[in-house]
1. Which residue, 52, 28, 38, has the most motion in a Gaussian network model of the chain that connects Cα atoms within less than 10 Å?
2. For the chain, what is the accessible area per residue in Å², given a 1.4 Å probe and the full set of protein chains?
3. Return the label of the correct value of Rg and Dmax of the Cα atoms in Å, as calculated from the structure shown, out of (1) 14.1, 40; (2) 13.1, 40; (3) 26.2, 82.
4. Points 7 angstrom from Cα along the Cβ direction at residue 14 and residue 32: gap in nanometres?
5. What is the helix-to-structure angle for 6-57, meaning the angle in degrees between its Cα long axis and the longest Cα principal axis of the chain, kept from 0 to 90 and rounded to the nearest 10?
Amino acid sequence: MKFFTKNEFIAVLSILTADIIVSLINFKFALRRARDTKRRDDLGAIYNAIEKYQLEFGFFPLSS
């Protein structure tokens with residue numbers, strides 16, 4: 001059984017390293033987008049709740 005030569009091994013290792021680095025960077029951006037989407041959804045839920053309160057009682061809730 002023939003193994004990789006030293007140059008082939010270095011090439012494969014460098015490609016895998018580059019792939020892992022790019023994947024980690026994209027994962028970081030994906031997490032950021034997921035948090036932004038969650039915040040946007042939460043703000044929409046708060047807006048809907050306040051609007052519903054205003055429709056039921058005729059005024060907006062008082063701030064403390």
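1. Among 52, 28, 38, the largest mean-square fluctuation in the Gaussian network model of the chain belongs to 52.
2. 99
3. Among (1) 14.1, 40; (2) 13.1, 40; (3) 26.2, 82, the one derived from this structure is (3).
4. It works out to 2.9 nm between the two label points.
5. Helix 6-57 sits roughly 10 degrees off the main axis of the chain.
The values are calculated or read from the model by the stated rules, or taken from the named source; none is laboratory data. Everything numeric in this text was worked out from a predicted model, so none of it was measured. In this analysis, Cβ positions are derived from the backbone assuming ideal geometry, glycine residues included, and neighbour counts consider all displayed protein chains. We work out accessible area using only protein heavy atoms, side chains counted, and drop any ligands, DNA or RNA first. Shrake-Rupley method; radii C 1.70, N 1.55, O 1.52, S 1.80 Å.
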